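Down below is the structure, laid out as structure tokens.
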Amino acid sequence: MSRQPINESIRRLLEDNPNLLHVTDKTIQYSPEFKLSAVKAYQEGKTPYEILSSWRQGWIPSRSGRIYRNNR
């Protein structure tokens, strides 16, 4: 299965997220702080979905795979 590259506008939005260290058209690199907190949360019983959902607050994924910032 091939994945679509991350387009420029979504990449710019993702770069504003403090939990991400670096974003390219093919990869997302998480910050060391987020990685450590994610492992700790996992050891405490949170699911990967719950962990990743926690940093996505304020971001709205659409069915087309695009991500929009929630400006509320």
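Readers should treat all values here as calculations from the given coordinates under stated rules, not as data from a laboratory. Nothing here was measured: the structure is a model prediction, and the numbers come from that model.
What residues have an amide H closer than 5 Å to that of residue 6, excluding those fewer than 5 places away on the same chain, when H is modeled at 1.01 Å from N in the peptide plane?
Close amide H contacts, sequence-distant or interchain: 26.
Would you grab the residues whose amide H sits under 5 Å from the one on residue 30? Only those 5+ places off in sequence or on another chain, please, with H modelled 1.01 Å from N.
Excluding prolines and chain starts, which carry no amide H, the hits are 21.
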